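Undergrad: Below you will find the structure I want to go over with you.
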Amino acid sequence: MVVILQPNIFKNKTILITGAASGIGRGLAIHAASEKMNIILIDIDEEGLKETQSLIHNSSSLALKCDVSNFKELSQCKEQIIEQYGRVHFLFNNAGIFLEGRSWKINNQNWKRIIDVNVMSIVYGLNLFVDEMIASNERCHIVNTSSMAGLIVGPAFSPYTATKHAVVGLTRSLYEDLKNEYPKIGVSVLCPGLVKTNIMKRDKSGLNLDNFAIDQHETATLNKEWLGEGVKNGMDPIDLAKIVFDKINKNEFWILTHPEFLEVYKEYSNELILSETATLN
Ligand SMILES: NC(=O)c1ccc[n+]([C@@H]2O[C@H](COP(=O)([O-])OP(=O)(O)OC[C@H]3O[C@@H](n4cnc5c(N)ncnc54)[C@H](O)[C@@H]3O)[C@@H](O)[C@H]2O)c1
């Protein structure tokens, strides 16, 4: 039997992870360390960054405090990254925040914040790093973190759902734009289900969480509680990271860690197909 050894696409390459101070970002960083990568950790939470860095102390890493929704701050990070590592091969646009509620009950300030953090930060990451990935002519990969909420819709989760749907659309467009002309740049969208992280804490989210600013409708409150329980009992981010790296290695676009939610997706898309078929007949 002939065994063909696959080249290791991760070893000694540089990975940038936003939202690296906690949860999924931390899990990805720990996995990247096991792959012997150079790791750039970006987050708004300086203490959490230090903790993540201490967990990967045997690896080369650079921790940068930054609000990724601020293009100027992220550009300044880029200067330090170039100085230390030259370029980024793997870009994980992962930082994100959660907000429940019905669309018309969310004030402009909170809508703007969640769009800036969950969507514009990804745009800024692409603005700053993709051209250089292309110019490098090396195998690179971009992973944008969406959610199952980027594919399916439940009541009273409007801001989170809208931003995560935007991430799926943005990432699929990126994939279509790169796949033929620049096939060395892989693209994936990560759509996790429930993962055991600190996403429901929201202490550094920049959202206005005062009672008067949050939708107090019973459905919003109950669904937030349901989500909180699910997250508490969710997948370990370390297990999630293994799935993510395996999918990147296979150069797959979709990274779904909880395929059981696809049943709901099927119902949702069938509704569209059936309504269209009824119109055509
Ligand atoms: N936990 C889940 O069940 C779940 C499910 C689906 C998708 N996600 C997505 O996974 C991603 C990571 O979230 P998590 O669950 O690990 O939560 P988490 O809160 O544990 O980690 C998110 C990290 O992002 C950082 N962050 C938030 N806003 C930031 C900003 N403006 N600038 C820089 N850093 C910022 C936080 O400080 C935190 O360290 C998010 O995009 C989230 O929407 C999570």
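Undergrad: Out of all the residues in segment 87-105, is one or more among the aromatic types (Phe, Trp, Tyr), crowded, with 22+ Cβ neighbours inside 10 Å and more than 15 Å from the ligand (Cβ to nearest atom)?
TA: Within segment 87-105, one or more residues are among the aromatic types (Phe, Trp, Tyr), crowded, with 22+ Cβ neighbours inside 10 Å and more than 15 Å from the ligand (Cβ to nearest atom).
Undergrad: Would you mind telling me which numbered condition in (1) more than 8 Å from the ligand (Cβ to nearest atom); (2) in contact (Cβ under 8 Å) with a residue 60 or more places away in the chain; (3) surrounded by fewer than 19 Cβ atoms within 10 Å (Cβ to Cβ) Gly206 fails?
TA: (1)
Undergrad: List the number of the failed condition for Ile82; all other conditions in (1) outside any helix (DSSP H, G or I); (2) more than 10 Å from the ligand (Cβ to nearest atom) hold.
TA: (1)
Undergrad: Still on this structure, please answer the following. Going through Lys184, Lys112 one at a time, which residue ends up being over 20 Å from Phe253 (Cα atoms) and either charged (D, E, K, R) or without any contact (Cβ under 8 Å) to a residue 60 or more places away in the chain (or both)?
TA: One residue alone meets the criteria, Lys112.
Undergrad: Still on this structure: Being of a type outside the set (Gly, Ala, Ser) and in a strand (DSSP E or B): is that true of Val167 here?
TA: Taking the combined requirement at face value, the residue does not satisfy it.
Undergrad: Any residue at all in segment 99-110 that's assigned to a helix (DSSP H, G or I) and under 17 Å from the mean Cα position of the chain (by Cα)?
TA: Checked against the condition, which is being assigned to a helix (DSSP H, G or I) and under 17 Å from the mean Cα position of the chain (by Cα), segment 99-110 yields no hits at all.
Undergrad: Restricting to segment 32-56, what's the tally of residues that are surrounded by fewer than 17 Cβ atoms within 10 Å (Cβ to Cβ), within 16 Å of the ligand (Cβ to nearest atom) and of a type outside the set (D, E, K, R)?
TA: 2
Undergrad: Considering Ala20, Ala29, Ala63, which residue is closer than 21 Å to Ile185 by Cα, small (Gly, Ala, Ser) and within 16 Å of the ligand (Cβ to nearest atom)?
TA: The unique qualifying residue is Ala29.
Undergrad: Regarding segment 66-74, can at least one residue be identified that is part of a helix (DSSP H, G or I), of a type in the set (Gly, Ala, Ser) and out of contact with any strand residue (DSSP E or B) (no Cβ under 9 Å at 6 or more places or on another chain)?
TA: No.
Each value in this text was obtained by applying a stated rule to the coordinates, not by laboratory testing. For clarity, every value in this text was computed on a predicted model and none was experimentally measured. All Cβ positions, even for glycine, are placed from backbone atoms using ideal geometry, and neighbour counts span all protein chains on display.
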